[in-house]
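Structure first, commentary second.
None of the figures in this text is laboratory data; all of them are computed from the coordinates on show. Just so it is clear, the model here is predicted, and its values are computed rather than measured. Ideal geometry is used to build each Cβ from the backbone, glycine not excepted, and the neighbour counts take in all protein chains shown.
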Amino acid sequence: MPRVISLDEKPEAVDVSMEADLSHHGLPKLIGIIDLVRKGGRIVDFKTSSTTPNPEKVEHLHETQLSSYAVLYRDAVGKKESGLELHHLVKLKTPKLVVSSFPPMTESQKTRLFRIMESYQEGVERRDWIPSPSPMTCACCEYFNECRKWS
Ligand code: SF4
């Protein structure tokens, strides 16, 4: 497997826990752990997968997480990240590494993240629990029995 990060590259941070106070946006505190910040402020998240990530969907699927990391990084460091990367280790017969690179979070992505958080928060406050079945999430859900009794 070709090496993506050279051995002599010094990271800015590894497995670092960060918090951002978003009360001035009317939002709860954002907390997260960033896997790696590469030299120059490139935020990396490592993932494992049994299938090759779909290049058209990978950004959509992980945007909430990557935007959260960008918000955390900017709050902690006081500057914009230089980019965002997903490193998928794909566990096939012959394993491979797929790197997806994205530019820094845009203002509209930030707004989108804050609106998602706002909606979750409002839903929690008004106890807006509704079943939203999907084969993937229900397969490992701890609340299956409670969910079946919901009405
Ligand atoms: S079983 Fe769990 S994941 Fe599935 S709809 Fe109910 S709460 Fe959601």
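Here are the numbers for this structure:
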{"item": "Segment 3-19: number of residues that are more than 15 Å from the chain's Cα centre (by Cα), surrounded by 16 or more Cβ atoms within 10 Å (Cβ to Cβ) and in a strand (DSSP E or B)", "result": "1"}
{"item": "Count of residues meeting criterion [among the hydrophobic types (A, V, I, L, M, F, W, C), out of contact with any helix residue (DSSP H, G or I) (no Cβ under 8 Å at 6 or more places or on another chain) and in contact (Cβ under 8 Å) with a residue 60 or more places away in the chain] in segment 83-134", "result": "3"}
{"item": "Residue match in segment 66-74 (condition: surrounded by 14 or more Cβ atoms within 10 Å (Cβ to Cβ), touching a strand residue (DSSP E or B) at 6+ places or on another chain (Cβ under 8 Å) and assigned to a loop (DSSP other than H, G, I, E, B))", "result": "no"}
{"item": "Condition check for Leu27: within 28 Å of Ser119 (Cβ to Cβ), in a loop (DSSP other than H, G, I, E, B) and among the aliphatic types (A, V, I, L, M)", "result": "yes"}
{"item": "Tally, over segment 109-130, of residues that are near the ligand (Cβ under 9 Å from one of its atoms) and exposed (fewer than 10 other Cβ atoms within 10 Å of the Cβ)", "result": "1"}
{"item": "Condition met for Glu63 (farther than 28 Å from Ala20 by Cβ, away from the ligand (no atom under 16 Å from the Cβ) and either part of a helix (DSSP H, G or I) or out of contact with any helix residue (DSSP H, G or I) (no Cβ under 6 Å at 6 or more places or on another chain) (or both))", "result": "no"}
{"item": "Scope segment 31-53; condition surrounded by 11 or more Cβ atoms within 10 Å (Cβ to Cβ), assigned to a loop (DSSP other than H, G, I, E, B) and among the polar types (S, T, N, Q); matching residues", "result": "Thr52"}
{"item": "Residues of segment 123-138 satisfying the condition of being assigned to a loop (DSSP other than H, G, I, E, B) and of a type in the set (A, V, I, L, M, F, W, C)", "result": "Trp129, Ile130"}
{"item": "Members of segment 39-53 found to be under 20 Å from Lys93 (Cβ atoms) and of a type outside the set (D, E, K, R), listed by number", "result": "Thr48, Ser49, Ser50, Thr51, Thr52, Pro53"}
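Conditions tested, residue by residue: (1) under 20 Å from Gly40 (Cβ atoms); (2) within 16 Å of the ligand (Cβ to nearest atom); (3) out of contact with any strand residue (DSSP E or B) (no Cβ under 9 Å at 6 or more places or on another chain).
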| residue | (1), (2), (3) |
| --- | --- |
| Val77 | yes, no, no |
| Leu89 | no, no, no |
| Lys96 | no, no, no |
| Arg148 | no, yes, yes |
